[in-house]
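To keep things clear, I will list the structure first and then write my remarks on it.
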2 protein chains.
Amino acid sequence: MAVTIYDVAKKAGVGIGTVSRVINKSPQITDATKSRVLVAIKALNYQPHTVAQSLARRRTNTIGCIIPFFTGFFYLELLRGIQRTATSLQNDLILYSVDNKSNKEIFLSRVLKERRVDGVLLVSLEIDDDYAEQFSVQHFPIVLVDGDHAVLDSIKVDNIEGARQATNHLIGLGYPTIAMIDGQLKSVPARLRLAGYKQALAEHGRAFDESYFVACDFAEEADGFNKEAGYVAMQRLLDLGDRRPRSVFVSSDIQAIGAMRAIRERSLRIPEDVAVVGFDDIELAEHVGLTTVKQPTTRMGQVAVDRLIAKVTCKPGLDKEFKQKLTTELVIRESCGG
Amino acid sequence: MAVTIYDVAKKAGVGIGTVSRVINKSPQITDATKSRVLVAIKALNYQPHTVAQSLARRRTNTIGCIIPFFTGFFYLELLRGIQRTATSLQNDLILYSVDNKSNKEIFLSRVLKERRVDGVLLVSLEIDDDYAEQFSVQHFPIVLVDGDHAVLDSIKVDNIEGARQATNHLIGLGYPTIAMIDGQLKSVPARLRLAGYKQALAEHGRAFDESYFVACDFAEEADGFNKEAGYVAMQRLLDLGDRRPRSVFVSSDIQAIGAMRAIRERSLRIPEDVAVVGFDDIELAEHVGLTTVKQPTTRMGQVAVDRLIAKVTCKPGLDKEFKQKLTTELVIRESCGG
DNA sequence: CAAAGTGATGGAAGGGCTTCCAAAGAATAA
DNA sequence: TTATTCTTTGGAAGCCCTTCCATCACTTTG
């Protein structure tokens with residue numbers, strides 16, 4: 001059978017409390033006893049039973065992460081930031097991955113009642129008001145990542161600012177006309193990116209021109225953020241003939257890839273005929289030389305875990321609400337010229 | 001305070017053992033008592049404390065997964081298969097991700113002693129003999145994924161067969177000359193893929209021609225499986241001038257991407273001048289129309305977890321060694337013509 | 001009708017730790 | 001010296017379950 005704290009205590013000739021204190025680095029232990037215990041621990045090759053510790057301490061040193069079935073680079077990088085930070089703060093990470101909506105609810109309620117994790121990260125998923133309420137009332141630590149809710153802590157990227165950066169880049173390069181291709185307007189990021197686009201135009205005294213704006217409301221899949229939608233949307237802009245825009249800000253890289261294909265199919269060149277900026281900085285973007293807006297994904301994971309664990313350990317200054325927005329970064333490649 | 005099994009027992013007017021039996025679906029409970037208990041559980045909104053269950057049962061219903069810091073699609077898909085299968089078998093998944101080698105050892109020894117997980121998956125990582133020994137002796141369930149060791153269960157893809165498929169495809173299309181670009185020969189998959197290539201050639205009575213084989217031994221990073229290495233290697237083949245190969249099997253997609261660039265830079269066409277097959281089926285492969293060998297990645301995760309949990313639960317027939325090889329699948333796109 | 005068997009139930013013990021309280025010992029003050 | 005305070009230590013109780021054993025209420029059998 002496995003060696004327990006009692007074996008160590010007997011071997012070292014001390015009480016179990018003393019052994020426990022040594023393990024937990026309690027200060028009030030004489031160096032002599034401490035080293036006796038340490039020797040016994042080494043001799044028996046003892047390691048505390050984590051599960052028993054969790055039960056007694058009412059702390060698992062584990063955080064949960066509810067994340068939609070991770071496709072794409074974004075989630076990989078996010079997970080990397082989360083994992084790395086958790087490990088560095090001596091926490092383990094349990095992954096709950098969500099296939100469909102009902103799944104999410106199950107995980108939320110499990111997390112809340114099983115007490116298997118000290119806190120939870122909810123990534124890219126909406127949370128109902130009554131669940132939010134429960135977490136809030138029970139003081140169960142939760143941080144929303146790439147999402148938001150009135151009563152809960154959240155961290156996300158500043159979509160408006162990112163869209164502004166992209167648009168300003170095109171303005172700065174002197175393009176006379178700047179179109180925008182957006183996702184479905186019912187999606188939150190799509191609306192925010194539109195707002196940033198409009199804001200940048202307004203700041204430079206440019207009017208928003210309805211005919212230069214295409215929302216992919218016709219495309220269902222992935223809220224319009226997909227290759228085909230970008231392709232179709234770009235066709236519409238190119239159909240303007242002479243009035244076609246000189247440059248376009250596309251609200252996601254994957255749409256931009258589709259848009260670029262549409263441009264090339266008409267024998268137009270990028271950026272000489274039409275300049276393109278994307279959003280996201282997916283892996284493909286580098287390959288096709290797409291200038292785009294990079295989200296600080298790894299960082300987001302890190303900040304989220306830091307905050308979550310601060311809440312778990314009741315660090316001071318946690319009452320104030322935490323609504324962090326991280327700023328994006330423009331990655332300049334070849335698709336805009338300049 | 002949280003509601004415990006005692007509260008439920010009192011409310012239902014039964015003993016705690018009875019409540020426990022209801023929770024664990026023990027058969028010998030009358031329907032009447034069972035429903036009384038169920039009512040009480042519902043009324044109190046009771047849910048068992050997972051940690052306490054783990055301690056009492058000496059089973060955590062959790063598996064660990066030690067995985068190198070997941071870059072690339074391969075790990076995403078693998079993780080998807082692992083996660084999905086674990087969830088469907090009522091197990092949670094703890095992710096230990098490895099940044100560097102020492103990290104791996106730490107996780108291995110923690111897993112072994114902390115008893116926080118019932119079993120562990122070791123992905124794409126080598127394991128020292130003495131650790132393998134320890135797992136073996138202690139009967140601690142472990143399954144190697146995309147790796148191997150004499151005394152441990154393992155599951156991986158059949159690299160030899162995959163390389164044969166790729167080479168045979170080129171042979172079948174009638175290409176007179178078939179070169180190969182490989183990773184560093186010190187890497188195991190590189191050697192296996194070479195073996196498959198040679199085997200296919202031999203089966204069709206073709207000689208292995210040293211001058212048509214380039215191993216990327218000059219490239220350090222990622223065992224030679226990277227874009228630049230592929231680019232350089234292809235240059236060498238193209239430098240053969242008139243004797244340059246009519247087709248080439250590249251041992252990874254990422255190298256193939258580099259190779260394709262080298263081909264295009266000499267104003268040669270794919271597949272009209274040089275046909276290319278890759279290996280891996282990364283996301284980019286589809287985008288560039290690369291014919292390639294797809295690994296059954298998700299499936300591998302699934303099989304691994306199935307096996308691991310079978311071991312944990314001591315299903316019969318586990319003594320025989322388990323060394324599974326999954327077969328690859330050729331994905332035909334445009335880079336080979338035909 | 002008693003004896004033996006069957007099935008459902010209660011609850012103590014045990015899983016391995018932390019923590020609190022009391023006690024012993026050491027150090028200081030009077 | 002004795003009284004007082006401070007440190008260090010031992011170990012019981014508690015964290016919340018599962019499981020085993022004893023018990024009790026019925027059946028069945030002879």
Item to check | Whole-percent carbon and sulfur share, accessible surface of the range B:276-338, 1.4 Å | outcome: 48
Item to check | Net charge of neighbours whose Cβ lies under 10 Å from the Cβ of B:ILE160, counting Lys and Arg as +1 and Asp and Glu as -1 | outcome: +3
Next on the checklist: Which of rounded, prolate or oblate describes the range B:1-126 when judged by the alpha-carbon gyration tensor and an a/c cut-off of 1.5?
Outcome noted: prolate
Checklist outcome for this item: Loop-resident trypsin sites (Lys or Arg not before Pro) in the range B:225-304 with no more than 15 other Cβ atoms inside 10 Å, DSSP not H/G/I/E/B, are B:ARG266, B:ARG269
Checklist entry - In debye to the nearest 20, how big a dipole does the protein assembly as shown give about its Cα centre with +1 on each Lys and Arg Cβ and -1 on each Asp and Glu Cβ? => result 2820
Checklist entry - Using a simple charge model, +1 on the beta-carbon of Lys and Arg, -1 on the beta-carbon of Asp and Glu, nothing else, what dipole does the range A:159-295 show about its Cα centre, in debye to the nearest 20? => result 360
Checklist entry - Placing +1 at every Lys and Arg Cβ and -1 at every Asp and Glu Cβ, with all other atoms neutral, what dipole size does the range A:181-239 have around its Cα centre, in debye to the nearest 20? => result 220
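Give the range of the longest stretch in chain B that excludes all chymotrypsin sites (Phe, Trp or Tyr not before Pro) found in loop regions by DSSP and having at most 15 other beta-carbon atoms within 10 Å.
Longest gap between qualifying sites, sites excluded: B:70-207.
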Checklist outcome for this item: One decimal, nm, nearest first: from A:LEU38 to the same residue in each other copy, label points 7 Å out along Cα→Cβ, the values are 5.7
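In the P(r) worked out for chain A, what percent of Cα pairs fall beyond 29 Å? Numbers along the way, then the final one.
Details: 29042 of 56953 pairs.
Roughly 51 percent, rounded to a whole number.
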Checklist entry - By how many degrees, 0 to 90 and rounded to 10, does the Cα axis of helix B:227-238 deviate from the longest principal axis of chain B? => result 30
Next on the checklist: Between B:THR30 and A:LYS320, how high is the FRET efficiency from 1/(1 + (r/R0)^6) when r is the Cβ-Cβ distance and R₀ = 35 Å? Nearest 0.05.
Outcome noted: 0.05
Item to check | Separation of alpha-carbon centers, the range A:273-338 and the range B:120-171, rounded to whole Å | outcome: 36
Checklist entry - Is the range A:159-295 best put as rounded, prolate or oblate by its Cα gyration tensor, with a ≥ b ≥ c the root eigenvalues, rounded for a/c under 1.5, and otherwise prolate when a/b is larger than b/c, oblate when not? => result rounded
Checklist entry - Summing +1 for each Lys or Arg and -1 for each Asp or Glu, what net charge is found among the other residues whose Cβ lies under 12 Å from the Cβ of B:SER252? => result -3
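Once the cut-off is 11 Å, how many percent of the Cα-Cα pairs in the range A:5-48 end up in the long-distance tail?
Details: 545 of 946 pairs.
For the range A:5-48, the share of Cα pairs beyond 11 Å comes to 58 percent.
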Next on the checklist: What does the charge count around B:LEU240 come to, taking other residues whose C-beta lies under 14 Å from its C-beta (Lys +1, Arg +1, Asp -1, Glu -1)?
Outcome noted: 0
Checklist entry - When the convex hull of the C-alpha atoms of the range A:86-177 is computed, what volume per residue in Å³ does it have? => result 153
Item to check | Label-point separation, B:ARG269 to A:ASN103 (7 Å along Cα→Cβ), nm | outcome: 4.5
Next on the checklist: Using 5 Å bins from zero, what percent of all Cα-Cα pairs in the range A:245-317 falls into each bin?
Outcome noted: 3, 15, 21, 15, 10, 7, 7, 7, 6, 4, 3, 1, 0
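A:ASP217 to B:ASP239: FRET efficiency via 1/(1 + (r/R0)^6), r the Cβ-Cβ distance, R0 41 Å, to the nearest 0.05? Don't skip to the end; give the middle numbers.
Working: r = 53 Å, r/R0 = 1.29.
The calculated FRET efficiency here is 0.20.
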Checklist entry - Straight-line reach from B:LYS325: which lysines have a Cα under 22 Å away, not including same-chain ones fewer than 8 places off? => result B:LYS156, B:LYS186, B:LYS198, B:LYS294, B:LYS311, B:LYS315
Item to check | Shortest-first nm distances, A:LYS315 label point to equivalent points in other copies (7 Å, Cα→Cβ) | outcome: 4.4
Item to check | Positive-end residue, the protein assembly as shown charge dipole about Cα centroid, Cβ charges, pick of A:GLY15, B:VAL117, A:PHE70 | outcome: A:GLY15
Item to check | Accessible area of chain A divided out per residue, in Å², using a probe of 1.4 angstrom | outcome: 45
Next on the checklist: Give me a comma-separated list of calculated 3J(HN,Hα) values for the range A:128-143, in order, Karplus coefficients 6.51, -1.76, 1.60 applied at θ = phi - 60°, integers in Hz, x for any Gly or Pro.
Outcome noted: 5, 4, 6, 5, 4, 4, 4, 4, 5, 5, 7, 6, 8, x, 8, 10
Checklist outcome for this item: Among B:GLN165, B:SER154, B:THR50, the residue whose Cα sits farthest towards the positive end of the charge dipole of chain B, when +1 is placed on the Cβ of each Lys and Arg and -1 on the Cβ of each Asp and Glu, is B:THR50
Checklist outcome for this item: Asked for the total accessible area buried by B and A (1.4 Å probe, Å², nearest 100), one would answer 4300
Checklist entry - Of the heavy-atom accessible surface of the range B:209-267 (probe 1.4 angstrom), what whole percent is carbon and sulfur? => result 45
Item to check | the range A:124-188 - convex hull of the alpha-carbon atoms, volume per residue in Å³ | outcome: 90
Checklist outcome for this item: In the range B:273-292, the residues losing 20 Å² or more of accessible area (1.4 Å probe, heavy atoms of protein chains only) relative to their chain alone are B:GLU283, B:LEU284, B:HIS287
Checklist entry - Relative to the isolated chain, which residues of the range A:31-72 have their accessible area cut by 40 Å² or more in the presence of all protein chains (1.4 Å probe, heavy atoms, no ligands or nucleic acids)? => result A:GLN47, A:HIS49, A:THR50, A:VAL51, A:LEU55, A:PHE69, A:PHE70
Next on the checklist: Can you give me the angle between helix B:297-312 and the longest principal axis of chain B, using Cα atoms only, in degrees from 0 to 90, rounded to the nearest 10?
Outcome noted: 40
Item to check | Proportion of all alpha-carbon pairs of the protein assembly as shown beyond 51 Å (%) | outcome: 21
Next on the checklist: Restricting everything to alpha-carbon atoms, can you work out Rg to Rh for the range A:218-273 with a Kirkwood hydrodynamic radius?
Outcome noted: 0.96
Next on the checklist: Using helices alone, I'd like the mean residue ellipticity at 222 nm for the protein assembly as shown: each DSSP H run of four-plus residues gives -39500 (n - 2.57), total over residue count, nearest 500.
Outcome noted: -14000 deg cm²/dmol
Item to check | Other copies of A:VAL188: label-to-label distances in nm, shortest first, labels 7 Å along the beta-carbon direction | outcome: 4.5
Next on the checklist: Just to be sure I follow the definition: excluding the sites themselves, where is the longest run in chain A that has none of the GluC sites (Glu not before Pro) in a DSSP loop with at most 15 other Cβ atoms within 10 Å?
Outcome noted: A:1-125
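The values are calculated or read from the model by the stated rules, or taken from the named source; none is laboratory data. Keep in mind that what you see is a predicted model, and the values were worked out from it rather than measured. So basically every Cβ, Gly included, is an ideal-geometry build from the backbone, and we count neighbours across all protein chains shown. Quick note on the areas: whole protein, heavy atoms, side chains included, nothing else; ligands and nucleic acids left out. Shrake-Rupley method; radii C 1.70, N 1.55, O 1.52, S 1.80 Å.
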